[in-house]
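Engineer: Structure provided below as structure tokens; questions to follow.
Throughout, read-outs are computed from the coordinates displayed, never taken from laboratory work. Predicted, not measured: the structure shown is a model, and the values here were computed from it. Here Cβ is always computed from backbone atoms with ideal geometry, including for glycine, and neighbour counts include all displayed protein chains.
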Amino acid sequence: ISEDRGEMADTIADTRRLFSKPQNLNDAYGPPSNFLEIDVSNPDTIGVGRTRYTTYEVRLKTNLPIFKLKESSVRRRYSDFEWLRAELERESKVVVPPLPGKALFRQLPFRGDDGIFDDSFIEERRQSLEQFLNKVAGHPLAQNERCLHMFLQDESLDKNYTPSKIRQA
């Protein structure tokens with residue numbers, strides 16, 4: 001037993017050594033090298049009947065030089081995300097991840113809940129859209145596409161824009 005205890009003490013000492021490595025203060029407190037954070041939040045359902053739709057706030061924070069604004073906030077609806085995905089598929093070499101589904105069953109009449117305007121559905125979709133955007137926007141090739149910059153930073157989306165590449169600022 002005493003032998004085991006000796007080994008155990010050695011192991012603990014070894015582990016302690018691993019963690020007590022002095023940390024360079026600049027690593028700990030310096031600005032993170034590159035970051036791009038995108039939040040999709042504050043869903044807001046607008047209109048009534050057939051013209052009803054939900055918009056989401058898309059907030060971006062970054063220090064990547066390729067983005068014109070270091071912080072921005074725009075409102076987008078699901079069809080805007082579809083537009084972005086289609087543009088990226090056509091214009092870039094990026095394998096674009098799928099969007100969360102169109103939720104056709106939720107649009108059927110005579111449902112017991114609010115269908116696509118049900119809170120739980122909106123929350124699920126919000127999370128999926130956020131994951132989609134973070135995947136796409138984190139891709140260096142997608143970051144060169146004008147459509148991504150417009151989607152993330154332009155107040156209103158000009159869907160008749162001329163596709164082009166963005167050069168590093």
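Engineer: So for the pair S164, A86, with labels modelled 7 Å out along Cα→Cβ, what separation do we get in nm?
Structural biologist: 2.3
Engineer: Per 0.36 nm of contour for each residue apart, how much would the distance between T55 and E155 grow if the chain were fully extended, relative to their Cα-Cα spacing?
Structural biologist: 34.7 nm
Engineer: Which of the lysines could a cross-linker bridge to K70, judged by Cα under 21 Å and excluding same-chain residues fewer than eight apart?
Structural biologist: K61, K135, K165
Engineer: I'd like to compare 76-89, 44-57: which one has the highest average count of other Cβ atoms within 10 Å, and what's the full order after that?
Structural biologist: Put in order of decreasing packing, that is 76-89, 44-57.
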